[in-house]
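Read through the structure below, which is laid out as structure tokens, and then see the notes.
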Amino acid sequence: MKPRNKFEKAVVASNARLTAISHKAEEWAVKNVVKHIAFRTSGHKCTCGDCGEKFEHKGKGIVRCPHCGHKIETVDTLKRKRKEANYFSTLEAIDGLQVQRVFLLSVIYSKGNPIKTDCREVCRMWVNVQGKVAVTARKRAMGYYVDSFNWGSSIELRNLYDVYWCISDAYIYPRHSLIPELRRNGLKGRLPDNCHLCRLMSALLSDNRIETLMKCGNRKAVAYFVNHPRELDTCWASYKIAARHRYVPKDYGMWCDTIRLLEKCGKDIRSVKYICPKDLKAEHDRWLHKVNAAEEMRRSIEKLQRAKQREDEFYKSKSCFFGIVITDNDIEISVLDSLEAYKAEGEKMKHCVFQCEYYAKRDSVILSAHDLQGNRIETVEFSLSQGKVIQSRGVCNRNTEYHDRIVKLVNDNAHRFLKARATA
Ligand SMILES: [Zn+2]
């Protein structure tokens, strides 16, 4: 890819000037970023993966090899070979640019031989003083895995694909150099290990809110907001007020959710009363419940409005059946004659007769069966084309003891529906 602007031209120039990784960094990586193992067979016979020597050890976990002195983990296996690999990175400052160089370290343990290591550079994430990011990298290889690379290709300017972001979230060699702008903006001392360093560096140079957080030493908040930059826009004012009152949420994700919920409920997200709750989880759940309830209400009003639009059609096609009442000694079954009646029936009986818009079904007449005191028993759907009941359901769609009786009663009166339709 050709450089398209001044920054990319500078990156290309500096990219050519970088030298190979230092021996010490590689040594550090071998020691720290991959798992070290001892092959163990028959419970106690161990072979050190690092030096290839044999020793005896019972029990689980980490041991120190008596030959090379390395800490290794015993693995019960009959295999004679094992491969481990991991990414790690180094930080360098060059020509006023910050670069994070990402390497893939692979090690091969084979029984009886010392460890074999292979360290290859994959990509370089470049950040300038404005926080702009560019990448120089090896070409990605075609294949099933996103992080497979064409080792024959050179490290040159490429599109900043997600895979480069992903692999650069890796162990960092502790002996690093930083451009002065990063140190000035608060990146000092131990590097944060809870967030993506390249994203952090970019944010630190381009967003003074991250700089403020960093300088306050609130690393938890830094990590959260670097990974969720949009939340910073919604919650920054609230954050500042909460911080002034020395309020530190245990969980920033939940706290930001709560702020958004408060905003949805029309509450003042600058009010300490709301944004500094003692029991964050309880408050979060309380507001979530309110937002859900409001949403439910909104949807049901919308549904009713939609239903109202179809009301004329409903009266036109169904009014000929209004007034049909079927009774025996204990039960009275009557046609639902308004949209409100459908809604009430659906709510009381906890089924979907209103939600699923049965009032708009051309072929059906819906009836409500109740006892003589007016207590609802079942809701009945009568099909005009089939001339019979096609379903009858009680509360929560369950059948009641009156079920068969209700169905028979309506079916016995089928002629009344057909007659009503014929005369309409
Ligand atoms: Zn050893």
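The values are calculated or read from the model by the stated rules, or taken from the named source; none is laboratory data. No experiment lies behind these values; they were computed from the predicted model shown. Note that each Cβ is placed from the backbone with ideal geometry, even for glycine, and that neighbours are counted across all protein chains shown. Accessible surface areas use protein heavy atoms only, side chains included; no ligands, DNA or RNA. Shrake-Rupley method; radii C 1.70, N 1.55, O 1.52, S 1.80 Å.
Have a look at Ile210, Ile275 and point out the one that is buried (at least 16 other Cβ atoms within 10 Å of the Cβ), over 18 Å from Pro192 (Cβ atoms) and aliphatic (A, V, I, L, M). The match here is Ile275. When segment 45-61 is limited to residues that are touching a residue at least 12 places away in the same chain (Cβ under 8 Å) and outside any loop (DSSP other than H, G, I, E, B), the one that is most open to solvent (accessible area, probe 1.4 Å) turns out to be Glu56. Within segment 29-44, the set of residues being open to solvent by less than 50 Å² (accessible area, probe 1.4 Å) and not basic (Lys, Arg) comprises Ala29, Val30, Val33, Val34, His36, Ile37, Ala38, Phe39, Thr41, Gly43. Only residues that are touching a residue at least 40 places away in the same chain (Cβ under 8 Å) and not in a strand (DSSP E or B) were counted across segment 130-164, and they come to 6.
For every residue, the table says whether it meets (1) in contact with a strand residue (DSSP E or B) (Cβ under 7 Å, 6 or more places away or on another chain); (2) farther than 30 Å from Ile37 by Cβ.
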| position | (1), (2) |
| --- | --- |
| Val129 | no, yes |
| Arg138 | yes, no |
| Ser177 | yes, yes |
| Gly186 | no, yes |
| Ser202 | yes, yes |
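Looking only at segment 85-106, decide whether some residue is within 16 Å of the ligand (Cβ to nearest atom), touching a residue at least 24 places away in the same chain (Cβ under 8 Å) and open to solvent by less than 50 Å² (accessible area, probe 1.4 Å). No, there is no match, as no residue in segment 85-106 is within 16 Å of the ligand (Cβ to nearest atom), touching a residue at least 24 places away in the same chain (Cβ under 8 Å) and open to solvent by less than 50 Å² (accessible area, probe 1.4 Å). Do we find that Lys71 is within 16 Å of the ligand (Cβ to nearest atom), among the basic types (Lys, Arg), in contact (Cβ under 8 Å) with a residue 12 or more places away in the chain and open to solvent by 20 Å² or more (accessible area, probe 1.4 Å) in this structure? When the stated conditions are applied, Lys71 passes them. I'd like to check something: does segment 287-305 contain any residue that is open to solvent by less than 60 Å² (accessible area, probe 1.4 Å), in a helix (DSSP H, G or I), over 30 Å from Leu213 (Cβ atoms) and not hydrophobic (A, V, I, L, M, F, W, C)? Yes, segment 287-305 has at least one match. Given the residues Arg175, Arg124, Arg120, Arg101, which is the only one that is of a type in the set (D, E, K, R) and in a loop (DSSP other than H, G, I, E, B)? Answer to the check: Arg175. Within segment 170-207, the set of residues being of a type in the set (Ser, Thr, Tyr) and either within 27 Å of the chain's Cα centre (by Cα) or surrounded by 20 or more Cβ atoms within 10 Å (Cβ to Cβ) (or both) comprises Tyr171, Tyr173, Ser202, Ser206. Criterion applied to Ala29, Ala13 was being more than 23 Å from Arg175 (Cβ to Cβ), more than 16 Å from the ligand (Cβ to nearest atom) and assigned to a helix (DSSP H, G or I), and the one residue passing it is Ala13.
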